[in-house]
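Down below is the structure, laid out as structure tokens.
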Amino acid sequence: MTRILSRTRRLLFLLTFAGAFWPIWLWRQVLDDRPISTPFNSFTLHLSTAFGLMLCVAMFLETVAKKRKWRWGDPILTPVLIGIALWGTLSALWALNAGLALWTAAEWWVVVAVYLSVVNSGERPPAWRTLLPVVGPLLVVELMIGASQMATGSTLTNGLLLRWGQDFRVGDPGASYLLNAVGRPLLRAYGTTEHPNHLAGFAGVLALILLGVWLAGPESRAGRWQAGGGLALSVLLLGITFSRGGWIAFGLAAVYVLICGLREGRGRVVAAVGLMTATASLFFFGFGPWIAQRIAPSEAAWVEIKSL
């Protein structure tokens, strides 16, 4: 029985995190609430959320069956995650739409539950490395689609992949694009998601996972190439979303992961910093004028800083 539970939990572990990088939704109810823009005006149940809930159930049953001691995880990260979920729940008291606020808070509680499930399942770096063959191709696909969207100024495939009624183009109402100093437009990368900020979330989480795998030190040369190449590509994917919130959140999380990584060896941390810095420099070299516009002081930027 315990062997079946363990195998089921491992399978759900792979499906949960692989599904997070291919945002397929199972159910959706859109609200006609004009102050809240699309796609943030809907209750959406994603496939990865469903897998995450099943992972939590499987982990709980396995923990009970094996009579393992419960662990609360990292003394800093655990309170931070619980604090965000609690604050999101309380925000329903002053939110424009209490239902949407509570739905978002519920998704944060799922994140907390999945995190604690992973902590208590005892997954180690080898388990995370098994994600690379699954999420690696998805990362390349998202990067290729995002680059083509920026080159053509159109979201292209989203109507087919996401069942949208129409695609976004530069200048369309609701399209997320930037203008440089001379007024040249650039569509932010959507990938297969509904908004660049969503894609930034997927890219940031993947980059953190790959950063952890890199710091854990893959033994084979192929493993090092996979982890290092994936880290560079995921940081580049995060960059082309032009998500200020995604950049800031990843930067803060990466600093914490790197500090923890000093336990594994200073050389790996230095190499990771160098790799991410080189990737960011390449991104800045290609898109400097739009980056300058994006990070310029503005009311929207201040709102994002306060929300973080």
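Residue-by-condition table, conditions (1) under 19 Å from Leu206 (Cβ atoms); (2) at pLDDT 85 or above:
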{"residue": "Val112", "(1), (2)": "no, yes"}
{"residue": "Trp128", "(1), (2)": "yes, no"}
{"residue": "Leu131", "(1), (2)": "yes, no"}
{"residue": "Pro137", "(1), (2)": "yes, yes"}
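Scan the range 154-166 for residues that are at pLDDT below 75 and touching a helix residue (DSSP H, G or I) at 6+ places or on another chain (Cβ under 7 Å) and jot them down.
Passing the criteria: Leu156, Thr157, Trp164, Gln166.
Quickly run through the range 87-102 and pick out the residues that are closer than 20 Å to Thr44 by Cα and part of a helix (DSSP H, G or I).
Gly88, Thr89, Ser91, Ala92, Ala98, Gly99, Leu100, Ala101, Leu102
Gln226 fails exactly one of the following numbered conditions: (1) surrounded by fewer than 21 Cβ atoms within 10 Å (Cβ to Cβ); (2) touching a Pro at 6+ places or on another chain (Cβ under 9 Å); (3) polar (S, T, N, Q); (4) within 28 Å of Leu156 (Cα to Cα). What is the number of that condition?
All conditions pass for Gln226, except number (4).
I'd like to check something: does the range 265-281 contain any residue that is surrounded by 19 or more Cβ atoms within 10 Å (Cβ to Cβ) and either touching a Gly at 6+ places or on another chain (Cβ under 6 Å) or farther than 23 Å from Leu178 by Cβ (or both)?
Yes, there is a match, as at least one residue in the range 265-281 is surrounded by 19 or more Cβ atoms within 10 Å (Cβ to Cβ) and either touching a Gly at 6+ places or on another chain (Cβ under 6 Å) or farther than 23 Å from Leu178 by Cβ (or both).
In the range 77-93, which residues are within 18 Å of Leu252 (Cα to Cα) and touching a Ser or Thr at 6+ places or on another chain (Cβ under 9 Å)?
none
Return yes when Pro173 is surrounded by fewer than 17 Cβ atoms within 10 Å (Cβ to Cβ) and modelled with pLDDT of 75 or more and no when it is not.
yes
From Phe43, Phe60, Phe51, which residue is under 28 Å from Asn97 (Cβ atoms) and either touching a residue at least 40 places away in the same chain (Cβ under 8 Å) or more than 19 Å from the chain's Cα centre (by Cα) (or both)?
Going through Phe43, Phe60, Phe51 in turn, just one is under 28 Å from Asn97 (Cβ atoms) and either touching a residue at least 40 places away in the same chain (Cβ under 8 Å) or more than 19 Å from the chain's Cα centre (by Cα) (or both): Phe43.
If Val255 satisfies all but one of (1) under 12 Å from the mean Cα position of the chain (by Cα); (2) aliphatic (A, V, I, L, M); (3) surrounded by fewer than 15 Cβ atoms within 10 Å (Cβ to Cβ), what's the number of the condition it fails?
It is condition (1) that Val255 fails.
Suppose we filter the range 224-254 for residues that are of a type in the set (Ser, Thr, Tyr) and out of contact with any Leu (no Cβ under 7 Å at 6 or more places or on another chain); how many remain?
Number satisfying all stated conditions: 1.
So which residues in the range 117-126 are at pLDDT below 65 and of a type outside the set (Asp, Glu), if there are any at all?
Answer for the range 117-126, where residues must be at pLDDT below 65 and of a type outside the set (Asp, Glu): Arg124, Pro125, Pro126.
Looking at (1) in contact (Cβ under 8 Å) with a residue 24 or more places away in the chain; (2) in a helix (DSSP H, G or I); (3) farther than 20 Å from Ala189 by Cβ, which is the only condition Pro218 fails?
Looking at each condition in turn, Pro218 falls short on (2).
The values are calculated or read from the model by the stated rules, or taken from the named source; none is laboratory data. From a predicted model like this one, the values you see are computed outputs, not experimental measurements. All Cβ positions, even for glycine, are placed from backbone atoms using ideal geometry, and neighbour counts span all protein chains on display.
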